[in-house]
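What follows draws every value from the coordinates through simple rules; no lab data is involved. All values derive from a computational prediction rather than experimental measurement. Counting neighbours? That spans all protein chains shown, and the Cβs are built from the backbone with ideal geometry, glycine included.
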Amino acid sequence: MKKRYLAPFVMSALFFAACGGGDKKAETTDKTTHENSAVDNSMVSPGADKPASKGEQLMAQSDCKTCHKEEIKVIGPALKDIAGKYPNTPENVDKLSDKIIKGGSGNWGEVAMLPHPNISKDDAKEMVQYILSIGK
Ligand code: HEC
């Protein structure tokens, strides 16, 4: 009987383990599904036929989409709202890529973004470039 209650716990433990250290594994799986599934792609960005930029691909391979969608606020702000708030300047790209790596709250509300210590500064900048290009 006890096992029934153990399963969700084990699964969430795995989830957090994947977030902390094993991002790379999740990336490979994600990428495969992404490339093979037109349906998945059209759900993320309706009607977008253009090839995904590097930043968009990096975001698809990470956990960003759990909390951010392009058009609507989920747990984090909508990507197009972030694009609307920050002009694409080197200072903003630098500040926002640090925020992705370190996490934190305060600019949009009380809810904090998880830190992403495994993401390199360069990759974080690619993601910010993609986010800030949305709707422009
Ligand atoms: C656990 C949910 C969660 C995940 C996962 C997440 N975010 Fe966020 N993100 C948030 C929240 C909440 C905020 C608002 C933080 C604030 O109020 O300052 C935010 C804010 C941001 C901002 C704006 C920061 C600011 O200071 O205005 C950027 C850019 C961003 N996220 C990018 C990303 C990227 C890229 C990823 C994937 C690597 C990601 N987020 C993953 C929840 C998340």
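For this structure, a couple of remarks:
- Each of Asp122, Asp94 was scored by other Cβ atoms within 10 Å of its Cβ. Listed from fewest to most, they are Asp122, Asp94.
- Charge tally around Ser97: other residues with Cβ under 14 Å, Lys/Arg +1 each, Asp/Glu -1 each, net 0.
- Among Glu56, Glu71, Glu126, a tally of other beta-carbon atoms within 10 Å of each Cβ gives an order, fewest to most, of Glu71, Glu126, Glu56.
- Among Ile119, Ile75, Ile131, Ile101, the order by Cβ neighbours within 10 angstrom, fewest to most, reads Ile75, Ile101, Ile119, Ile131.
- Amide H to amide H distances under 5 Å link Met113 with Gly104, Ser105, where only residues 5 or more positions off or on other chains count and H is placed in the peptide plane.
- For the range 109-121, 3J(HN,Hα) per residue [Karplus equation, 6.51 cos²θ - 1.76 cosθ + 1.60, θ = phi - 60°, Hz, x = Gly/Pro]: x, 7, 6, 9, 7, 5, x, 10, x, 7, 8, 6, 4
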